[in-house]
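The values are calculated or read from the model by the stated rules, or taken from the named source; none is laboratory data. A quick note: this is a predicted structure, and the numbers were derived from the prediction, not measured. Ideal geometry is used to build each Cβ from the backbone, glycine not excepted, and the neighbour counts take in all protein chains shown. The area values use the complete protein model at the heavy-atom level, side chains included, leaving out ligands, DNA and RNA. Shrake-Rupley method; radii C 1.70, N 1.55, O 1.52, S 1.80 Å.
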Amino acid sequence: MASAMAASAIGFAGGASAADVKEVQMLHWWTSGGEAAALNVLKQDLAKEGYTWKDVPVAGGGGEGAMTALKAMVAAGNPPTASQILGYYAVDYAEAGKLGDITSLADKEGWAKVVPTALQKFTTTNGKWDAVPVNIHSVNWIWLNKAAMEKIGGTQPKTFDDFVALLDKAKKAGIIPLALGGQPWQEATLFDSVVASTGGIDFYKKAFIDLDESALKSDTMKKSFDNLAKLRAYTDPNYAGRDWNLATAMVIKGDALVQVMGDWAKGEFVNAHQQADKDFLCYRFPGTDGSVIYNTDMFAMFNVPEDRKAAQLALADATMSISFQSAFNVVKGSVPARMDVPDTAFDSCGKKGIADVKAANADGKFVGSMAQNYAQPPAVAGAYHDVVTKFFHGEIKSSDAAVTELVKALNNAK
Ligand code: GAL
């Protein structure tokens, strides 16, 4: 196995052999305008190297549908060359022996020196590389329409209470304050930020990384649910089921003031030809400045037949190149997963994102998103989505009950 991989790596470096399939088959959920534009950067890079692209798109933000489709393909013994994947989903496939080994390329290119150690937990298994990080997204951002902000005389909210006051101002001015996509993964993604803002990042870690029961049951967690309920009052009545990019479009058009969303939202602004500081503003979710709650898109490299390995290595190599990590992430809204990519090509939000990742990583404030499968395995994250969404939609009626349900659900899922 190891020698076959080495042979492929050499084959790739020196030009693939005639028997190799010159096609990359990739499963992903990048179907919005901004996401598709970012993916095009990769398709074009690979086309330049002579690889055709076999697209396997599975629509649905957050990737739940994509993960179901992937599971079926892997179970049928027909995995894609690579799949977009988040956090513990990759760990599960690696532990089940479903991923390949691209360590020879990783060593040759020195990835271990440039990718944050926290991420290498997900891109390697027992020291072997089996996935590549495409980007670093983070969930604790808010995106505002600048003209709407000026109209209401708003200023950057620094605390959760400031944020509520700002939303109030928008409401009084007849602007929809909060553009929300009412889908479980989106509400859970919002709650990640609310918890970090309400309790601080150490509390977030205790609750979601350590699953510390006293933190999960605490008054701070109750207050987090109270704060989430406060935000509900600022959505429009049609939020239930709305896709995340349609919520972004409400902010782009100026129908709504703000969306709380990971920085893939910026990809939609960019795709609509809007500019940071001129048309839209980005701030960290109030009360979370200095912390980065990350979710990194990775490409998991599946065990593929021998004649597809050269294409897989070409994909990995292209993804990890410095120029690609810059070009792709400028369009996607995320920041590079390599720490040695210059920020020159990025707008002010991207520059802040890059600086934030470095600072948070150095300060122990670079933490995985619970909603996005970077704090806990999928079953636990799914249980979290469930409780948050039931609370948000009123099925769980109080913060007290929500905390009880959360502890129960997480314990059952562990
Ligand atoms: C996230 C993913 C992002 C973006 C978003 C919405 O899970 O990490 O890249 O695609 O979903 O689809």
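Over the chain, what is the relative contact order in percent, taking alpha-carbon pairs closer than 8 angstrom and at least six residues apart?
Details: 771 pairs, mean separation 111.9, N = 414.
This gives 27 percent for the chain.
So with the 1.4 Å probe, I'd like the accessible area per residue for the range 325-414, rounded to whole Å².
Per residue, the range 325-414 has an accessible area of 36 Å².
Mind checking which of Ala179, Ala96, Ala165 has the largest fluctuation in a GNM of the chain, springs on alpha carbons under 10 Å?
Ala96
What are the lysines whose alpha-carbon lies under 19 Å from the alpha-carbon of Lys71, with same-chain residues fewer than 8 places away excluded?
Lys54, Lys98
On a 1.4 Å probe surface of the protein chains, which of Met261, Met73 comes out largest in accessible area, and what is the full order? Before the final figure, lay out each step's value.
On the way: Met261 5, Met73 35 Å².
Largest accessible area first, the list is Met73, Met261.
Simple spin-label model, 7 Å along Cα-to-Cβ: Ser398 to Thr344 in nm?
So the two model labels end up 6.0 nm from each other.
Ordering His385, His273, His28, His393 from largest to smallest accessible area (1.4 angstrom probe), what's the sequence?
Values: His385 25, His273 160, His28 5, His393 85 Å².
Of His385, His273, His28, His393, the descending order of accessible area is His273, His393, His385, His28.
Could you give the radius of gyration (one decimal) and Dmax (whole number) of the Cα atoms in the chain, in Å?
21.1, 67
Using a 10 angstrom cutoff on alpha carbons, build the Gaussian network for the chain and name the most mobile of Val194, Val380, Val388.
Most flexible of the set in this elastic network: Val380.
Hey, in the GNM for the chain with a 10 angstrom Cα cutoff, which one of Gly267, Gly350, Gly290 fluctuates hardest?
The residue with the greatest mean-square fluctuation here is Gly290.
For a label point 7 Å from the Cα of Lys278 along Cα→C-beta, name the residues of the range 347-373 whose backbone N is under 19 Å from it.
347-352
What figure, in Å² to the nearest 10, do you get for the accessible area of Lys98 with a 1.4 Å probe and non-protein molecules left out?
80
What is the distance in Å between the Cα centres of the range 276-293 and the range 294-362?
21
Among the listed pairs Lys121/Lys332; Lys151/Lys352; Lys222/Lys253; Lys352/Lys397, give every one whose C-alpha distance is greater than 29 Å.
Pairs exceeding the cut-off: Lys222/Lys253; Lys352/Lys397.
Figure the gain on full extension for Ala355 and Gln156 (residue separation times 0.36 nm, minus the Cα-Cα span) and round it to one decimal in nm. Show your work: numbers first, answer last.
Working: separation 199, 0.36 × 199 = 71.64 nm, distance 1.91 nm.
Gain on stretching Ala355 to Gln156: 69.7 nm.
Could you give the nm distance between label points at Val114 and Ala18, where each point is 7 Å from its Cα heading toward the beta carbon?
3.5
Could you size up the charge dipole of the chain around its Cα centre, putting +1 on the beta carbon of Lys and Arg and -1 on that of Asp and Glu, and report it in debye to the nearest 20?
Details: 40 positive and 46 negative charges, 101 e Å.
Dipole about the Cα centre, nearest 20: 480 debye.
Accessible area per residue, 1.4 Å probe, Å², for the range 19-130: what's the number?
42
When the accessible area of the range 23-164 is computed with all protein chains present and a 1.4 Å probe, what percentage of it is carbon and sulfur?
Numbers: 2780 of 5540 Å².
That fraction is 50 percent.
I'd like the distance separating the alpha-carbon centroids of the range 175-202 and the range 80-106, in whole Å.
A separation of 29 Å, based on Cα centres.
Using a 1.4 Å probe over the heavy atoms of the protein chains, calculate the carbon and sulfur portion of the accessible area of the range 205-329 as a whole percent. Write out the running numbers ahead of the final one.
Values: 2000 of 4210 Å².
Result for the range 205-329: 47 percent of the exposed heavy-atom area is carbon or sulfur.
Give me the aspartates and glutamates in straight-line cross-link reach of Lys108: C-alpha distance below 20 Å, same-chain residues under 8 apart excluded.
Within reach: Glu49, Asp130, Asp317, Asp340.
Over the range 160-299, average the accessible area per residue using a 1.4 Å probe and give it in Å², no decimals.
Heavy-atom SASA per residue in the range 160-299 reads 34 Å².
Among the aspartates and glutamates, which have Cα under 12 Å from the Cα of Lys171 when same-chain residues fewer than 8 positions away are ignored?
Once the sequence-local aspartates and glutamates are set aside, what remains near Lys171 is Asp236, Asp255.
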